[in-house]
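Structure first, commentary second.
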Amino acid sequence: MTFDRLSSVFLSNTNHEEDQPVHLKVKDMGLQKRSEHDIYAGPSTRYCPAGVYEWVEKDGQETFVINAQNCVHCKTCDIKDPNQNINWVPPQGGEGPVYPNM
Ligand code: SF4
(Lines give C-alpha, C1' and ligand atoms only; values in the text may rest on other atoms or scores of the structure.)
Protein backbone atom coordinates (compact mmCIF):
# COMPACT_ATOMS: atom_id res chain seq x y z
CA MET A 1 0.00 0.00 0.00
CA THR A 2 1.41 3.37 -0.93
CA PHE A 3 0.31 6.97 -0.46
CA ASP A 4 1.14 10.05 -2.45
CA ARG A 5 3.13 12.74 -0.68
CA LEU A 6 0.37 15.29 -0.21
CA SER A 7 -2.00 12.67 1.29
CA SER A 8 0.67 11.94 3.89
CA VAL A 9 1.07 15.67 4.62
CA PHE A 10 -2.72 15.87 5.10
CA LEU A 11 -2.59 13.01 7.63
CA SER A 12 0.04 14.90 9.65
CA ASN A 13 -2.54 17.67 10.37
CA THR A 14 0.09 20.24 9.49
CA ASN A 15 -1.11 23.71 10.40
CA HIS A 16 0.57 27.09 10.14
CA GLU A 17 -0.69 30.65 10.52
CA GLU A 18 -1.12 32.20 7.09
CA ASP A 19 0.99 35.25 7.98
CA GLN A 20 3.70 33.55 10.02
CA PRO A 21 7.32 34.63 9.46
CA VAL A 22 9.02 32.74 6.64
CA HIS A 23 10.81 29.70 8.07
CA LEU A 24 12.44 28.47 4.83
CA LYS A 25 14.94 30.89 3.37
CA VAL A 26 16.97 30.62 0.18
CA LYS A 27 20.17 32.59 0.68
CA ASP A 28 20.90 33.19 -3.03
CA MET A 29 18.14 32.63 -5.60
CA GLY A 30 20.60 33.07 -8.47
CA LEU A 31 22.75 30.24 -7.13
CA GLN A 32 19.65 28.10 -6.70
CA LYS A 33 18.87 28.46 -10.41
CA ARG A 34 22.47 28.19 -11.67
CA SER A 35 23.42 25.23 -9.55
CA GLU A 36 20.48 23.43 -7.91
CA HIS A 37 18.38 23.58 -11.08
CA ASP A 38 20.85 23.78 -13.97
CA ILE A 39 23.57 21.44 -12.68
CA TYR A 40 21.81 19.11 -10.21
CA ALA A 41 18.37 19.01 -11.93
CA GLY A 42 16.38 20.21 -8.91
CA PRO A 43 16.89 17.52 -6.21
CA SER A 44 14.73 19.52 -3.76
CA THR A 45 11.65 18.45 -5.73
CA ARG A 46 12.55 14.83 -4.92
CA TYR A 47 14.11 14.77 -1.44
CA CYS A 48 11.48 16.90 0.32
CA PRO A 49 8.90 14.44 1.72
CA ALA A 50 6.15 17.07 1.66
CA GLY A 51 6.51 18.39 -1.89
CA VAL A 52 7.35 21.88 -0.62
CA TYR A 53 9.72 22.78 -3.47
CA GLU A 54 8.77 23.10 -7.12
CA TRP A 55 10.43 24.48 -10.23
CA VAL A 56 7.64 26.12 -12.22
CA GLU A 57 7.93 27.64 -15.66
CA LYS A 58 6.68 31.24 -15.56
CA ASP A 59 7.04 33.69 -18.45
CA GLY A 60 9.52 31.32 -20.11
CA GLN A 61 11.73 31.17 -16.99
CA GLU A 62 12.07 28.41 -14.41
CA THR A 63 11.04 29.84 -11.02
CA PHE A 64 11.70 28.27 -7.62
CA VAL A 65 8.41 27.99 -5.69
CA ILE A 66 8.34 27.22 -1.95
CA ASN A 67 5.03 25.89 -0.57
CA ALA A 68 6.12 26.48 3.04
CA GLN A 69 2.69 25.74 4.50
CA ASN A 70 3.17 22.02 3.67
CA CYS A 71 6.50 21.70 5.51
CA VAL A 72 6.67 18.84 8.03
CA HIS A 73 9.95 20.13 9.55
CA CYS A 74 12.19 17.17 8.84
CA LYS A 75 15.13 19.56 8.10
CA THR A 76 16.20 17.48 5.10
CA CYS A 77 16.48 20.54 2.83
CA ASP A 78 18.85 22.25 5.27
CA ILE A 79 21.16 19.23 5.04
CA LYS A 80 20.71 17.92 1.48
CA ASP A 81 20.79 21.10 -0.60
CA PRO A 82 23.96 20.69 -2.68
CA ASN A 83 25.08 24.28 -1.93
CA GLN A 84 23.74 24.60 1.65
CA ASN A 85 21.70 27.42 0.16
CA ILE A 86 18.41 26.63 1.93
CA ASN A 87 18.13 27.63 5.58
CA TRP A 88 15.40 25.99 7.69
CA VAL A 89 14.45 27.57 11.02
CA PRO A 90 11.83 26.29 13.48
CA PRO A 91 8.30 27.57 12.86
CA GLN A 92 6.80 30.04 15.28
CA GLY A 93 4.94 28.88 18.38
CA GLY A 94 4.97 25.10 17.95
CA GLU A 95 3.18 25.10 14.62
CA GLY A 96 3.62 22.35 12.06
CA PRO A 97 2.52 18.71 12.06
CA VAL A 98 0.48 17.36 14.98
CA TYR A 99 2.58 14.24 15.47
CA PRO A 100 0.81 12.95 18.64
CA ASN A 101 -2.42 12.57 16.64
CA MET A 102 -0.83 10.46 13.91
S1 SF4 B 1 12.13 20.73 6.38
FE2 SF4 B 1 12.62 21.01 4.20
S3 SF4 B 1 12.69 18.93 3.34
FE4 SF4 B 1 11.59 18.79 5.32
S5 SF4 B 1 9.43 19.02 4.81
FE6 SF4 B 1 10.19 21.07 5.29
S7 SF4 B 1 10.79 21.94 3.31
FE8 SF4 B 1 10.61 19.72 3.02
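The values are calculated or read from the model by the stated rules, or taken from the named source; none is laboratory data. The structure displayed is predicted, hence computed values, not measured ones. Please note that ligands, DNA and RNA were not included when accessible areas were found on the heavy atoms of the full protein model with its side chains. Shrake-Rupley method; radii C 1.70, N 1.55, O 1.52, S 1.80 Å.
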### Query
In square angstrom, what is the accessible area per residue of the chain with a 1.4 angstrom probe?
64
### Task
Over the chain, calculate the relative contact order: mean separation of alpha carbon pairs under 8 Å at least 6 apart, over the residue count, as a percent.
39
### Task
Can you quote the Å³ per residue value for the convex hull of the Cα atoms in the range 62-102, rounded to an integer?
98
### Message
How large is the convex hull of the C-alpha atoms of the chain per residue, in Å³?
### Response
121
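As a test of the formula, what do you get for the chain when each DSSP H run with n ≥ 4 contributes -39,500 (n - 2.57) and the sum is divided by the residue count, at 222 nm and rounded to the nearest 500 deg cm²/dmol?
-3000 deg cm²/dmol
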### Computed log₁₀ I(q)/I(0) - Debye formula, equal Cα scatterers, no solvent, the range 28-86, q 0.12, 0.20, 0.22 Å⁻¹
-0.25, -0.71, -0.86
### Task
Determine the share of the range 5-102's accessible area contributed by carbon and sulfur atoms, expressed in whole percent, with a 1.4 angstrom probe.
52
### Task
For the range 36-58 and the range 9-33, compute the distance between their C-alpha centroids and round to whole Å.
14
